[in-house]
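What follows is a short report on a single structure.
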Amino acid sequence: RMEQGIDDSDNSVSKRKNEEESSLPAWLDLVGGKSLSMSPSSYLPQQVATKLAPYPWRITPNQVVQAAKGSLRRLEQPKLAVAQLHWSTAKYQPFQERALWEGICQVYEQGMCDAIGVSNYGPVQLQKISKFLQEEKENEVPLAIAQIQYSLMTYGQEQTQDMNSVCDDVNCRLVSYSPLCLGLLTGKYTLDNLPKSKARQQLFRELLPGAQDLLSTLEVVAKEYNRSQSQVAINWCMSKGTVPIPGARNAAQAKENLGATGWSLKSDAILALDMAAKQVGKPMIQNIFQTK
(Lines give C-alpha, C1' and ligand atoms only; values in the text may rest on other atoms or scores of the structure.)
Protein backbone atom coordinates (compact mmCIF):
# COMPACT_ATOMS: atom_id res chain seq x y z
CA ARG A 1 0.00 0.00 0.00
CA MET A 2 2.98 2.32 0.23
CA GLU A 3 2.76 2.93 -3.51
CA GLN A 4 -0.62 4.53 -2.80
CA GLY A 5 0.98 6.80 -0.24
CA ILE A 6 -0.59 5.11 2.74
CA ASP A 7 1.05 3.69 5.81
CA ASP A 8 -0.70 2.18 8.79
CA SER A 9 -0.10 2.20 12.52
CA ASP A 10 -1.38 -0.32 15.04
CA ASN A 11 -4.21 1.29 16.99
CA SER A 12 -5.55 -1.73 18.83
CA VAL A 13 -4.18 -0.65 22.20
CA SER A 14 -5.52 2.86 21.82
CA LYS A 15 -9.00 1.63 20.96
CA ARG A 16 -9.08 -0.46 24.12
CA LYS A 17 -8.32 2.74 25.97
CA ASN A 18 -11.05 4.61 24.07
CA GLU A 19 -8.48 6.88 22.45
CA GLU A 20 -8.58 7.04 18.68
CA GLU A 21 -5.18 6.92 17.06
CA SER A 22 -4.69 6.55 13.33
CA SER A 23 -2.29 7.24 10.53
CA LEU A 24 -3.34 9.80 7.95
CA PRO A 25 -2.68 9.40 4.24
CA ALA A 26 0.87 10.45 3.52
CA TRP A 27 -0.31 12.19 0.37
CA LEU A 28 -2.11 14.79 2.47
CA ASP A 29 -0.20 17.26 4.54
CA LEU A 30 -3.02 18.12 6.92
CA VAL A 31 -0.76 20.21 9.08
CA GLY A 32 -0.18 22.59 6.23
CA GLY A 33 -3.60 21.96 4.76
CA LYS A 34 -2.21 21.33 1.30
CA SER A 35 -1.79 18.25 -0.86
CA LEU A 36 1.68 16.89 -1.26
CA SER A 37 3.15 15.96 -4.59
CA MET A 38 2.15 12.46 -5.59
CA SER A 39 5.77 11.66 -6.41
CA PRO A 40 6.94 8.72 -4.25
CA SER A 41 9.89 10.82 -3.11
CA SER A 42 7.38 13.18 -1.48
CA TYR A 43 5.72 10.56 0.72
CA LEU A 44 6.15 11.07 4.42
CA PRO A 45 7.08 7.87 6.30
CA GLN A 46 4.02 8.10 8.49
CA GLN A 47 1.62 10.75 9.72
CA VAL A 48 -0.13 9.86 12.93
CA ALA A 49 -3.00 11.71 14.55
CA THR A 50 -4.44 10.92 17.95
CA LYS A 51 -7.61 12.01 19.67
CA LEU A 52 -7.44 12.72 23.38
CA ALA A 53 -10.73 12.11 25.13
CA PRO A 54 -11.79 14.82 27.61
CA TYR A 55 -12.68 12.38 30.36
CA PRO A 56 -14.24 13.94 33.49
CA TRP A 57 -11.04 13.38 35.45
CA ARG A 58 -8.91 15.29 32.94
CA ILE A 59 -9.41 18.66 34.55
CA THR A 60 -5.86 20.03 34.44
CA PRO A 61 -3.65 20.84 31.46
CA ASN A 62 -1.00 18.41 32.69
CA GLN A 63 -3.44 15.51 32.51
CA VAL A 64 -3.91 16.22 28.80
CA VAL A 65 -0.13 16.33 28.37
CA GLN A 66 0.25 12.99 30.14
CA ALA A 67 -2.43 11.47 27.90
CA ALA A 68 -0.48 12.61 24.82
CA LYS A 69 2.71 11.10 26.24
CA GLY A 70 0.87 7.83 26.72
CA SER A 71 -0.28 7.85 23.11
CA LEU A 72 3.24 8.47 21.84
CA ARG A 73 4.52 5.62 23.97
CA ARG A 74 1.89 3.16 22.72
CA LEU A 75 2.36 4.21 19.12
CA GLU A 76 6.15 4.14 19.44
CA GLN A 77 6.28 7.52 17.73
CA PRO A 78 8.61 10.42 18.54
CA LYS A 79 5.99 12.99 17.54
CA LEU A 80 2.40 13.30 16.36
CA ALA A 81 1.34 15.08 13.20
CA VAL A 82 -1.85 16.26 14.93
CA ALA A 83 -3.07 16.00 18.52
CA GLN A 84 -6.84 16.44 18.69
CA LEU A 85 -9.38 17.01 21.40
CA HIS A 86 -11.96 14.31 20.75
CA TRP A 87 -14.94 16.45 21.72
CA SER A 88 -15.94 19.58 23.61
CA THR A 89 -17.28 19.54 27.16
CA ALA A 90 -19.17 22.80 26.62
CA LYS A 91 -22.57 21.07 26.74
CA TYR A 92 -22.17 19.35 30.08
CA GLN A 93 -19.00 20.49 31.90
CA PRO A 94 -18.01 23.91 30.52
CA PHE A 95 -15.54 24.70 33.30
CA GLN A 96 -13.31 21.88 31.99
CA GLU A 97 -12.94 23.41 28.53
CA ARG A 98 -10.27 25.98 29.39
CA ALA A 99 -8.01 23.33 30.93
CA LEU A 100 -8.41 21.12 27.86
CA TRP A 101 -7.47 23.97 25.53
CA GLU A 102 -4.46 24.89 27.63
CA GLY A 103 -3.43 21.24 27.83
CA ILE A 104 -3.59 20.58 24.09
CA CYS A 105 -1.55 23.76 23.55
CA GLN A 106 1.06 22.50 25.97
CA VAL A 107 1.25 19.26 23.99
CA TYR A 108 2.28 21.38 21.00
CA GLU A 109 4.55 23.68 23.00
CA GLN A 110 6.42 20.68 24.42
CA GLY A 111 7.15 19.44 20.90
CA MET A 112 4.88 16.41 20.93
CA CYS A 113 2.89 17.37 17.82
CA ASP A 114 3.20 19.50 14.71
CA ALA A 115 -0.26 21.01 15.16
CA ILE A 116 -3.45 20.63 17.13
CA GLY A 117 -7.00 19.85 16.04
CA VAL A 118 -10.52 19.40 17.36
CA SER A 119 -13.30 16.92 16.72
CA ASN A 120 -17.07 17.29 17.11
CA TYR A 121 -16.77 21.05 17.50
CA GLY A 122 -19.55 23.00 15.79
CA PRO A 123 -18.97 26.40 14.18
CA VAL A 124 -19.61 28.39 17.37
CA GLN A 125 -17.24 26.35 19.53
CA LEU A 126 -14.62 26.29 16.76
CA GLN A 127 -14.64 30.08 16.72
CA LYS A 128 -14.22 30.13 20.49
CA ILE A 129 -11.10 27.97 20.53
CA SER A 130 -9.71 29.95 17.60
CA LYS A 131 -10.23 33.17 19.57
CA PHE A 132 -8.48 31.58 22.57
CA LEU A 133 -5.49 30.69 20.39
CA GLN A 134 -5.35 34.20 18.98
CA GLU A 135 -5.65 36.04 22.27
CA GLU A 136 -3.98 33.70 24.72
CA LYS A 137 -1.38 32.05 22.48
CA GLU A 138 -0.85 34.88 19.97
CA ASN A 139 -1.46 32.42 17.11
CA GLU A 140 1.70 30.52 18.03
CA VAL A 141 -0.19 27.20 18.25
CA PRO A 142 -1.49 26.09 14.82
CA LEU A 143 -5.04 24.79 14.67
CA ALA A 144 -4.79 22.48 11.65
CA ILE A 145 -8.03 20.52 11.48
CA ALA A 146 -11.62 20.40 12.66
CA GLN A 147 -13.26 17.01 12.28
CA ILE A 148 -17.03 16.47 12.15
CA GLN A 149 -19.47 13.94 10.79
CA TYR A 150 -20.00 15.18 7.23
CA SER A 151 -21.76 13.41 4.41
CA LEU A 152 -24.64 13.69 1.98
CA MET A 153 -26.83 12.50 4.86
CA THR A 154 -25.83 15.45 7.10
CA TYR A 155 -25.51 18.18 4.47
CA GLY A 156 -29.10 19.32 4.92
CA GLN A 157 -28.27 20.47 8.45
CA GLU A 158 -27.36 24.16 8.62
CA GLN A 159 -24.58 23.52 11.10
CA THR A 160 -22.81 21.18 8.68
CA GLN A 161 -22.82 23.75 5.90
CA ASP A 162 -21.66 26.53 8.26
CA MET A 163 -18.53 24.56 9.15
CA ASN A 164 -17.03 25.14 5.71
CA SER A 165 -17.03 28.91 6.00
CA VAL A 166 -15.95 28.93 9.65
CA CYS A 167 -12.99 26.64 8.88
CA ASP A 168 -12.00 29.07 6.15
CA ASP A 169 -12.30 31.97 8.61
CA VAL A 170 -10.07 30.33 11.23
CA ASN A 171 -7.71 28.87 8.60
CA CYS A 172 -8.05 25.18 9.41
CA ARG A 173 -8.94 22.17 7.29
CA LEU A 174 -12.33 20.48 7.61
CA VAL A 175 -12.04 16.70 7.99
CA SER A 176 -15.20 14.70 7.30
CA TYR A 177 -15.62 11.46 9.20
CA SER A 178 -18.29 8.91 8.30
CA PRO A 179 -18.58 10.23 4.72
CA LEU A 180 -20.51 7.06 3.79
CA CYS A 181 -22.93 7.40 6.71
CA LEU A 182 -22.04 4.03 8.23
CA GLY A 183 -22.40 2.38 4.82
CA LEU A 184 -25.87 3.69 4.01
CA LEU A 185 -24.52 5.66 1.03
CA THR A 186 -22.81 2.63 -0.51
CA GLY A 187 -26.10 1.53 -2.06
CA LYS A 188 -25.71 -1.94 -0.59
CA TYR A 189 -28.58 -1.69 1.87
CA THR A 190 -32.36 -1.58 1.60
CA LEU A 191 -35.19 -2.16 4.06
CA ASP A 192 -35.11 -5.79 2.93
CA ASN A 193 -31.33 -6.04 3.18
CA LEU A 194 -30.14 -4.39 6.37
CA PRO A 195 -26.70 -4.54 8.04
CA LYS A 196 -25.99 -7.34 10.51
CA SER A 197 -25.55 -4.93 13.40
CA LYS A 198 -28.77 -4.58 15.40
CA ALA A 199 -28.01 -0.94 16.13
CA ARG A 200 -27.46 -0.11 12.47
CA GLN A 201 -30.55 -2.07 11.49
CA GLN A 202 -32.72 0.17 13.63
CA LEU A 203 -30.95 3.31 12.44
CA PHE A 204 -31.25 2.37 8.77
CA ARG A 205 -34.96 1.55 9.20
CA GLU A 206 -35.39 5.17 10.28
CA LEU A 207 -33.12 6.76 7.67
CA LEU A 208 -33.65 4.76 4.47
CA PRO A 209 -37.28 5.78 3.73
CA GLY A 210 -36.37 9.48 3.63
CA ALA A 211 -33.16 8.91 1.69
CA GLN A 212 -34.55 7.18 -1.40
CA ASP A 213 -34.35 10.22 -3.69
CA LEU A 214 -30.78 10.86 -2.59
CA LEU A 215 -29.79 7.23 -3.14
CA SER A 216 -31.41 7.25 -6.57
CA THR A 217 -29.51 10.41 -7.52
CA LEU A 218 -26.31 8.90 -6.21
CA GLU A 219 -26.88 5.79 -8.31
CA VAL A 220 -27.49 7.84 -11.48
CA VAL A 221 -24.33 9.91 -10.96
CA ALA A 222 -22.29 6.79 -10.19
CA LYS A 223 -23.36 5.18 -13.47
CA GLU A 224 -22.62 8.37 -15.40
CA TYR A 225 -19.08 8.52 -14.03
CA ASN A 226 -18.55 4.76 -14.09
CA ARG A 227 -17.78 4.82 -10.37
CA SER A 228 -19.24 3.14 -7.33
CA GLN A 229 -21.74 5.01 -5.18
CA SER A 230 -19.19 4.99 -2.37
CA GLN A 231 -16.62 6.68 -4.58
CA VAL A 232 -19.10 9.35 -5.66
CA ALA A 233 -20.16 10.03 -2.06
CA ILE A 234 -16.53 10.43 -0.97
CA ASN A 235 -15.65 12.56 -3.99
CA TRP A 236 -18.62 14.80 -3.21
CA CYS A 237 -17.13 15.44 0.23
CA MET A 238 -13.86 16.37 -1.44
CA SER A 239 -15.73 18.76 -3.74
CA LYS A 240 -16.83 20.62 -0.60
CA GLY A 241 -13.22 21.19 0.40
CA THR A 242 -13.19 18.54 3.12
CA VAL A 243 -10.73 15.72 3.72
CA PRO A 244 -12.92 12.61 3.99
CA ILE A 245 -11.69 9.72 6.14
CA PRO A 246 -13.88 6.73 5.23
CA GLY A 247 -13.59 3.54 7.18
CA ALA A 248 -12.48 0.28 5.60
CA ARG A 249 -12.87 -3.21 7.04
CA ASN A 250 -10.63 -4.89 4.51
CA ALA A 251 -8.17 -4.25 1.68
CA ALA A 252 -10.89 -4.36 -0.97
CA GLN A 253 -12.83 -1.57 0.71
CA ALA A 254 -9.67 0.48 1.16
CA LYS A 255 -8.88 0.09 -2.53
CA GLU A 256 -12.41 1.11 -3.49
CA ASN A 257 -12.14 4.20 -1.28
CA LEU A 258 -8.92 5.19 -3.03
CA GLY A 259 -10.89 5.11 -6.27
CA ALA A 260 -12.60 8.30 -5.10
CA THR A 261 -9.38 10.24 -5.78
CA GLY A 262 -7.78 11.37 -9.01
CA TRP A 263 -10.96 12.74 -10.59
CA SER A 264 -13.65 15.31 -9.78
CA LEU A 265 -17.40 15.58 -10.04
CA LYS A 266 -18.61 18.29 -12.39
CA SER A 267 -20.70 21.18 -11.13
CA ASP A 268 -24.00 19.79 -12.43
CA ALA A 269 -23.50 16.49 -10.57
CA ILE A 270 -22.53 18.33 -7.39
CA LEU A 271 -25.63 20.51 -7.64
CA ALA A 272 -27.90 17.50 -8.18
CA LEU A 273 -26.43 15.76 -5.13
CA ASP A 274 -26.65 18.96 -3.06
CA MET A 275 -30.33 19.33 -3.84
CA ALA A 276 -31.08 15.69 -3.10
CA ALA A 277 -29.14 15.88 0.18
CA LYS A 278 -31.10 18.92 1.34
CA GLN A 279 -34.37 17.08 0.72
CA VAL A 280 -33.54 14.01 2.82
CA GLY A 281 -36.52 13.25 5.02
CA LYS A 282 -34.53 12.39 8.13
CA PRO A 283 -30.85 13.37 8.19
CA MET A 284 -28.26 11.29 9.99
CA ILE A 285 -28.17 12.10 13.70
CA GLN A 286 -25.09 13.98 14.82
CA ASN A 287 -22.64 12.72 17.41
CA ILE A 288 -24.06 13.19 20.90
CA PHE A 289 -21.01 15.30 21.80
CA GLN A 290 -21.30 17.56 18.75
CA THR A 291 -21.56 21.18 19.89
CA LYS A 292 -23.03 24.21 18.16
Only one of these conditions is not met by ASN171: (1) within 23 Å of ALA83 (Cβ to Cβ); (2) of a type outside the set (Lys, Arg); (3) crowded, with 20+ Cβ neighbours inside 10 Å. Which number is it? (3)
Yes or no: LEU215 assigned to a helix (DSSP H, G or I), at negative phi and touching a strand residue (DSSP E or B) at 6+ places or on another chain (Cβ under 8 Å)? no
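Here is a yes/no grid of residues against (1) surrounded by fewer than 17 Cβ atoms within 10 Å (Cβ to Cβ); (2) of a type in the set (Asp, Glu):
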site	(1), (2)
GLY183	no, no
THR190	yes, no
PHE204	no, no
GLU224	yes, yes
GLN229	no, no
ALA248	yes, no
LYS278	yes, no
PRO283	no, no
Given (1) more than 18 Å from the chain's Cα centre (by Cα); (2) at pLDDT below 95; (3) within 25 Å of ALA144 (Cβ to Cβ), GLU256 misses just (3)
What tally of residues in region 59-114 results from selecting those that are open to solvent by 70 Å² or more (accessible area, probe 1.4 Å) and either at pLDDT below 95 or part of a helix (DSSP H, G or I) (or both)? 14
For region 126-148, which residues satisfy the criterion of being in contact with a helix residue (DSSP H, G or I) (Cβ under 8 Å, 6 or more places away or on another chain) and closer than 30 Å to LEU203 by Cβ? LEU126, ALA146, ILE148
Evaluate region 145-154: report whether one residue or more is under 21 Å from LEU182 (Cα atoms), among the β-branched types (Val, Ile, Thr) and touching a Cys at 6+ places or on another chain (Cβ under 9 Å). yes
Just checking, does region 244-252 include any residue being outside any loop (DSSP other than H, G, I, E, B), of a type outside the set (Gly, Ala, Ser) and touching a strand residue (DSSP E or B) at 6+ places or on another chain (Cβ under 8 Å)? yes
For the list (1) open to solvent by 30 Å² or more (accessible area, probe 1.4 Å); (2) assigned to a strand (DSSP E or B), I need the number of the one condition that GLY241 fails. (2)
Does LEU265 count as in a loop (DSSP other than H, G, I, E, B), at pLDDT 95 or above and either surrounded by fewer than 17 Cβ atoms within 10 Å (Cβ to Cβ) or not charged (D, E, K, R) (or both)? yes
Which one of these is outside any helix (DSSP H, G or I) and out of contact with any Lys or Arg (no Cβ under 8 Å at 6 or more places or on another chain): VAL232, VAL280, VAL220? VAL280
What are the residues in region 87-101 that are under 18 Å from LEU133 (Cα atoms) and out of contact with any Asp or Glu (no Cβ under 7 Å at 6 or more places or on another chain), if any? TRP87, PRO94, PHE95, GLN96, GLU97, ARG98, ALA99, LEU100, TRP101
Is it the case that ILE145 is of a type outside the set (Asp, Glu), within 30 Å of GLN47 (Cα to Cα) and touching a Gly at 6+ places or on another chain (Cβ under 9 Å)? yes
Which residue, of THR154, THR160, is part of a helix (DSSP H, G or I), under 22 Å from LEU271 (Cβ atoms) and open to solvent by less than 20 Å² (accessible area, probe 1.4 Å)? THR160
What pairs come up if the first residue lies in region 240-261 and is under 22 Å from CYS167 (Cα atoms), the second is of a type in the set (Val, Ile, Thr), and their beta carbons are under 8 Å apart, counting only those six or more places apart or on different chains? THR242/VAL175; VAL243/ILE145; VAL243/VAL175; PRO244/VAL175; PRO244/ILE234; ILE245/VAL175; PRO246/ILE234
Check whether at least one residue in region 16-38 is in a helix (DSSP H, G or I) and modelled with pLDDT under 90, and report yes or no. yes
Taking GLY210 as meeting all but one of (1) touching a Gly at 6+ places or on another chain (Cβ under 6 Å); (2) buried (at least 16 other Cβ atoms within 10 Å of the Cβ), write down the number of the exception. (2)
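The values are calculated or read from the model by the stated rules, or taken from the named source; none is laboratory data. All values reported here derive from a predicted model rather than from experimental measurement. Cβ: placed from backbone, ideal geometry, glycine included. Neighbour counts: every protein chain shown. For the accessible areas, the whole protein counts, side chains as well, though only heavy atoms, and no ligand, DNA or RNA atoms are used. Shrake-Rupley method; radii C 1.70, N 1.55, O 1.52, S 1.80 Å.
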